[in-house]
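Structure record follows, encoded as structure tokens.
Values quoted throughout were computed directly from the atomic coordinates according to the rules given, and no laboratory measurement underlies them. A quick note: this is a predicted structure, and the numbers were derived from the prediction, not measured. With ideal geometry, Cβ positions are generated from the backbone for all residues, glycine too; neighbour counts draw on all protein chains shown.
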Amino acid sequence: MSEENKEYRKDEEQQATKTELANRIAGQSRRMASTYQHIGDSAIRAFRWFSSLIDKTLFNRRYSRLVSLILAILMYTIVNYNSRASLYTSTLRTSKEQSNVPVTAKYNSDTFELTGLPATADITITGDATSVTSAANTDGVIFADLEGLTEGTHEVKLEAEGYGANVSVKINPSNVIVTLKKKTTQAYDLSYDFINLDKMESIYSVGTPVFEYNRVNVRASKDTLNSIAFIKALIDVSGQTAEFTQDARLVAYDASGMPVDADIYPSSISVTVPVTSPNKTVAIAVEISGEVPDGQAIDSIEMDQQSVTIYGPESVLGQIDQVVVTLNASTITKDSTIMRPITLPAGVNSSNINQITMSVTLGEGTSRTIDDVKINYRNNVNNYKASPHAENKTTTSVIVFGTEANIENITADDINVYVDMKDAKPGLQEFPLEVEQPTGGLVRYSLTESTYELNVLGETTTESGGLEGADVNNG
């Protein structure tokens, strides 16, 4: 067979295959169309049957009442299910707690004093979300209704007011025990306290206040009145520089200084307060402690200020003649210029200067012994008679130390050695000897003996300072 014939035969076979495939597809399409037609016809017949059944049932008198009942039950179930679902859903989101809500009371406060009522309570607000949020932001109150109750102890229920009708309020505690006591009135004298003294310039001092009234009435239960120790006017002196008048608030206090809750009539009082600036100029004294190292001594101290003006109450200033500046000599090893603060006595408010500058000069230290220094006594409060145990032992020796220029002119009469007889008892006793250090601190005294024996007699002397049989002077 030639090649051309083979090619031709192959084309015929392929064409026959395609024709057969097309015939199969067409047949399958016809069968599917027939199936769809059959299903559609069946569905139409079923719908017509169901529609006919519904028509026969709904419009048949025999079944009309049954159909109406079924429809009514169905509608009731749907409506109630929606309501319950809505209520259940909202209940899940409607609780809010508030702590420390103030508690008040409704009662006749002019007649009764109330105790036992808690200052605060905790509450829980319940309702739908919107109502709870609104109630939590309102000015609702928790209160105890005591109106109509008489004197005595009562258990009462706390109530809520002002939170709205759409919420419920649970209160903890729900019940409280309170006591009502009848009030009486009693008069008290006034005292006073100055407040904010730290906000008043320290150069000023306040005088004695003058009140519009000197007595006020206090109304409370008898127990409360008995606990009041004083009534004070609180006078604010902030920024005052001259005499002023103000209405001072009145407060009741107990003996321990704690405020007492009571009705004071009037609750404030007009008071006039003088303001002055008392001052006094006094000397500055240097108080030296410690010893200069390496055998040296302070030869001289020169201060840039010799006096200072101090401010304070006149009663305090009258008792002050000088103020002190301290200097620790053990820290000085050479001539120095030192700045030191001024130490103000108790009761002094301020001074015109706060510190001074000292020029300290050192010199070589030397010492010498001064004999025949008389032994004096102090504080013979029982006026005992006494005599030295050692015969004619009425003097002692003292070592003086300082620079040559500072100690050369010191004599026995300049030194005070003494015995303190404050604790003396009859009999032979050994007393410590003490020496009074000189002012200024440039010279230091030390004793060559530390004790002194006296025979103390039980008899007393009518003379204020003499010791029988001894040349011992009252120091």
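Subtracting the Cα-Cα distance from 0.36 nm times the residue separation, let me have the gained length for E147 to D110 in nm, one decimal. Show your work: numbers first, answer last.
Values: separation 37, 0.36 × 37 = 13.32 nm, distance 1.25 nm.
Net length gain for the segment: 12.1 nm.
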**Request:** Starting from one equal scatterer on each C-alpha and no solvent at all, send me the Debye-based log10 I(q)/I(0) for the range 239-376 at q = 0.12, 0.18, 0.22 Å⁻¹, two decimals.
**Result:** -0.74, -1.07, -1.20
**Prompt:** Label points 7 Å out from Cα along the Cβ direction at M339 and T448: separation in nm?
**Reply:** 4.7 nm
**Prompt:** Short version: what are the Cα gyration tensor semi-axes of the range 95-173, square root of 5 times each eigenvalue, largest first, in whole Å?
**Reply:** 27, 11, 10
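How big, on average over all directions, is the shadow cast by the Cα convex hull of the range 179-298, in nm²? Walk me through the numbers before you get to the answer.
Values: hull surface 51.9 nm².
Its average projected convex-hull area is 13.0 nm².
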**Prompt:** Which GluC sites (Glu not before Pro) does the range 151-196 hold that lie in a coil by DSSP with at most 14 other beta carbons within 10 Å?
**Reply:** E151
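If you average 1/r over every pair of different alpha-carbon atoms in the range 280-337 and take one over that average, what Kirkwood value in Å do you get?
13.4 Å
Would you kindly calculate the mean projected area, averaged across all directions, of the convex hull enclosing the Cα atoms of the range 168-237, in square nanometres?
Details: hull surface 37.5 nm².
The Cα convex hull of the range 168-237, projected and averaged over all directions, gives 9.4 nm².
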**Item:** Under the Debye formula (equal points on every Cα, no solvent term), log10 I(q)/I(0) of the range 199-266 at q = 0.13, 0.17, 0.23 Å⁻¹
**Value:** -0.47, -0.71, -1.01
**Estimated translational D of the range 293-373 in µm²/s (Stokes, Kirkwood radius over Cα pairs; 4 °C; 1.567 mPa s)** = 86 µm²/s
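Using the Kirkwood radius over Cα pairs, work out the Stokes-Einstein diffusion coefficient for the range 366-474 at 4 °C and 1.567 mPa s, in µm²/s as a whole number.
Values: Rh = 14.6 Å.
Rounded to a whole number, D works out at 89 µm²/s.
Given 0.36 nm per residue, what is the gain on full extension from Q437 to R378 after removing their alpha carbon distance, in nm?
Values: separation 59, 0.36 × 59 = 21.24 nm, distance 1.58 nm.
Residue separation times 0.36 nm, minus the Cα-Cα distance, leaves 19.7 nm.
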